[in-house]
Each structure stands twice: as structure tokens, then as C-alpha cells.
Amino acid sequence: MTVESTAARTPRRSAGSKAGATGAKKSTGANAKRNAGPELVQLLTPEGKRVKNAEYDKYVAGITSEELRGLYRDMVLTRRFDAEATALQRQGELGLWASLLGQEAAQIGSGRALNDDDYVFPTYREHGVAWCRGVDPTNLLGMFRGVNNGGWDPNSNNFHLYTIVIGSQTLHATGYAMGVAKDGADSAVIAYFGDGASSQGDVAESFTFSAVYNAPVVFFCQNNQWAISEPTEKQTRVPLYQRAQGFGFPGVRVDGNDVLACLAVTKWALERARAGEGPTLVEAFTYRMGAHTTSDDPTRYRGDEERLAWEAKDPILRLRRHLEAANHADEGFFAELEAESEALGRRVREAVRAMPDPDHFAIFENVYADGHALVDEERAQFAAYQASFADVEGV
């Protein structure tokens, strides 16, 4: 799998172009209205053209060619890791995988805006943010293989373990940010969640507490437009970023397929937090090109036209076009990155296949402090089920 083929897989605060895509199987008019959306912050067009923005240009004004190449490298390698994890799940090496395909710009742009002492609360899809925080990508896979509850020390990278319960990490982030403020620390907290999680009560409670206590937290919503099979118009009558107004803090919608815009807007929001100006809601308007997880079939609820329209806005191809047009990178760079991508893929495959099989009976441990008759019964039934495979193999 080459870098080129991997890449091809594919709020109103200031003016920009409107995100649009049409063609879902059902409710075409509703989807068109949803995808048109309000104007959003954009610094790179889908064609890779740099556009000016009076409010946010200053946050990326000094970016160098090397840094631009670094952002591209981050996105390409993150996508390659994600593709390998998806393939490994299909081969039976992982129990499940939540792909980030299409959301690389939102994650890398926001992740690279963070300072080392900022703290991150992710969901279970922030593989690009984990990359930016220095978490070895192979450590992300243990949980999805069932061998641990998270393969890294959160305090080593200021990157919390993945959170499976939808939306609960926003409360954890808010509480942590309130503690940061009381300690007088010059740092910020960022909480990642999706458009589906925005409907959870935990998120609303987080907005309330963070606003009242002026907590230094950035709520970063990756609106990939599909909460599994539910489009956003089934969840809200207004753009998600506008919800912040009701809680008394700013919201901004950014082009989530534009890594420069995501970098700039997140820097602005984190700067507000560190300056004691309280929370911000950033809605990164992007698109989930693949399935919600490997247990999902997106062809059952959305059409090819919508997906193809968004593949034309691919965040990796967008930055590559800019790099080539502005002479920020040559063919040698892309060739070296392709080789690095292949090496990463091999390393991920080898690491996962070297992991032990999960302990089949660990799920019955620590359910009750003193044990329970029903759990014992279920354990015995599961043991008999496992033994049946050995009987079949012995025939």
C-alpha cells in the first residue's frame, strides 16, 4: 500500500467556504441542508489553495516548510496505522477497531496545537492525537485485542486512556480543568468527542460546570456527520457549535478536513483557556469515510455519492496539493515517506501478532467483590463452550 493510494482512500467566527455533500440514499434534501451548513473557518481549500483569514492567520503565520511536511507526515502515517489496524481486525487479530479514516486533519491539527503540559481526554478514535502525544501506536491495539485496558501510562504523555462510555470523558476533562485552575497552572485541557456524544447528558453537564467555573477546557467535537447510522439532523436543529451560546461560552465551526485551520482554531481556543477566559467549543466539520467501527456497514444507511463528494475533500490530498504547488516538498520527500509508511505497517503487524491471546476468563473476575453464584454459573457455561472447540478439533 503506497502513500498515494493510502491518501486516496480515502461556526461562524470568520468567513470561509461552505462544506457541502449530497447524495445519501434517503432524505437527500435533509442531508444536503445538513452538509451545506453555515460558513466555517478554512485556510486551505480542497484544491490546496491557501486562503486568508483575518482572525486566524496569525496562529499559523510563522509555519515553516518543515512543519508543513511534518503535518503531512503525521496524517499519512496515522492513516497507514489505521488501515493496518482495520486489516488486522478483518484477519481476526483484533476484536474490533474504530477507524479515523477521513478525520486525520482534525486530529493532527488539534493535536499539534497542544503544549506538552496540556492534558488530553480522548474517546476511542483519537489515534492521530495519540500519535501527536508520543503514544506508540502499537500500544493502542492491546485494548482492541482484549489483552489490557489501555497500553500506556496516561501521566507519561498527558494523554488519558481511551474512553468507551460515550461522552463521559467530557466530565472527567471538566473536573481536571477545574483542578488545573485551582492549582494556578498555566496549562489547558482538551476533551474530544463526536457528534453522537454531543447529545449525551454528560456533555451538557460538562458545558454547565465548565462555564460556571470558567474551566480552562476546550471541547473538541469531531462532527463526522454520522453517529453510527444517525445523521446529525436527527440530533439537533442547529449547528453543533451554536450550542455553546446557551451555556455562555464561544463556539466555532472549523473545516475539519483542513489541517491548518484545525491547528489555528485549536491554538486560539487553548490560548483563551490558558489566559483564564474559560471554555470553548470547537466543532470540526469533517466526514467519516469508513465505517463507525469494523462491526458496522455504512452502505446500509448512506449512499456512494455523499462519500465520493467527501473523498474529493480528502485532508491528506488537500495538503499534498498545497505542498506541491508551493514547492514545500519534492518527490524525494514523498518517496521517503512511502518507505516509512511501509515500515510502520510491518511493525504494527508484527507487534499485534506477537501479543498474547486474551485470557478468556478474565471477564468474570472482579465483577463482585465477594463472588456471585450467577457469575460462577456463567463461568462454568463459558468453560464448557470453550471446551467444545477442543472436542471438535480432536475429532
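Between Phe333 and Asp57, what is the FRET efficiency for a Förster distance of 30 Å, r being their Cβ-Cβ separation, to the nearest 0.05?
E between Phe333 and Asp57, to the nearest 0.05, is 0.75.
Roughly what % of DSSP beta bridges within the chain run antiparallel, to the nearest 5?
The antiparallel proportion sits near 10 percent.
Taking 0.36 nm per residue of sequence separation and subtracting the Cα-Cα distance, how much length would be gained by fully extending the chain between Asp116 and Phe361, in nm to one decimal?
Residue separation times 0.36 nm, minus the Cα-Cα distance, leaves 84.3 nm.
With a point put 7 Å past each Cα toward its Cβ, work out how far Asn149 is from Val375 in nm, to one decimal.
1.3
Order of 109-120, 61-72 by packing, highest average Cβ count within 10 Å first?
Going by the mean number of other Cβ atoms within 10 Å, highest first, we get 109-120, 61-72.
Checking the a/c ratio against 1.5 first, then a/b against b/c, what shape does the Cα gyration tensor give for the stretch 124-209?
Cα axes put the stretch 124-209 in the oblate bin.
For the stretch 223-343, calculate the relative contact order in percent as a whole number, restricting contacts to Cα pairs under 8 Å that are 6 or more residues apart.
Across the stretch 223-343, relative contact order equals 26 percent.
Applying 1/(1 + (r/R0)^6) with R0 = 30 Å to the Cβ-Cβ distance of Glu47 and Lys234, what FRET efficiency is obtained, to the nearest 0.05?
E(calc), rounded to 0.05, equals 0.40.
Could you work out how much longer the chain between Asp304 and Ile164 gets when fully extended? Use 0.36 nm per residue separation minus the Cα distance between them, nm to one decimal.
Using 0.36 nm per residue and subtracting the Cα-Cα distance, I get 47.5 nm.
Give me the accessible area per residue for the stretch 60-124, probe 1.4 Å, as a whole number in Å².
Per residue, the stretch 60-124 has 29 Å² of solvent-accessible surface.
Residues in the stretch 73-96, backbone N under 16 Å from the label point at Glu340 (7 Å along the Cα-to-beta-carbon vector): list them, ranges by number please.
Output list for this probe position: 73-82.
Can you give me the relative contact order of the stretch 85-145 as a percent, contacts being Cα pairs under 8 Å and 6 or more apart?
In percent, rounded to a whole number, it is 40.
The values are calculated or read from the model by the stated rules, or taken from the named source; none is laboratory data. Treat the numbers as computed from the prediction; the structure is a model and nothing was measured. Counting neighbours? That spans all protein chains shown, and the Cβs are built from the backbone with ideal geometry, glycine included. The accessibility values were calculated without ligands, DNA or RNA, using every heavy atom of the protein model including side chains. Shrake-Rupley method; radii C 1.70, N 1.55, O 1.52, S 1.80 Å.
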